[in-house]
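A short write-up of the structure that comes next.
The values are calculated or read from the model by the stated rules, or taken from the named source; none is laboratory data. Just so it is clear, the structure is predicted and the values come from calculations on it, not from any experiment. A quick note on method: Cβ atoms are made from the backbone with ideal geometry, for glycine too, and the neighbour counts reach across all protein chains shown.
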Amino acid sequence: MRNKNMVVIVLVVLLVLAFGYIGYGKYFDWKQDQELSIYQQGAQLGYEQAIGQLAQMAAQCQQVPITYENQTINVIAVECLQQA
């Protein structure tokens with residue numbers, strides 16, 4: 001009878017450990033998904049603000065320099081060129 005109780009206790013402990021391990025994995029995945037979502041939202045907001053600022057400056061007939069890696073170009077609204 002004592003051995004039977006010991007086996008049940010060991011199985012219950014192993015079951016609790018297994019649930020804990022699985023729960024930790026699920027929590028870690030959920031936390032990582034949340035952080036990725038926040039990062040993507042921040043990147044999207046940055047892109048929107050950059051494009052908005054670019055369009056706003058170009059609409060005021062200002063040349064807007066855009067640099068990518070080692071290349072720089074100047075952007076100006078077509079309407080401003082037609083006025084000149």
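Structure notes:
- Within the stretch 63-84, residues that are under 15 Å from Q53 (Cβ atoms) sit with their Cβ atoms under 9 Å from residues that are among the hydroxyl-bearing types (S, T, Y), at 6+ positions apart or across chains, in these pairs: P65/T72; I66/T72.
- Residue in the stretch 60-74 that is part of a helix (DSSP H, G or I), surrounded by 10 or more Cβ atoms within 10 Å (Cβ to Cβ) and not acidic (D, E) present: no
- Residues that are over 24 Å from the mean Cα position of the chain (by Cα) and at pLDDT 95 or above, drawn from the stretch 14-58: L14, L15, V16, L17, A18, F19, G20, Y21, I22
- Filter result for L81 (loosely packed, with under 10 Cβ neighbours inside 10 Å, hydrophobic (A, V, I, L, M, F, W, C) and assigned to a helix (DSSP H, G or I)): yes
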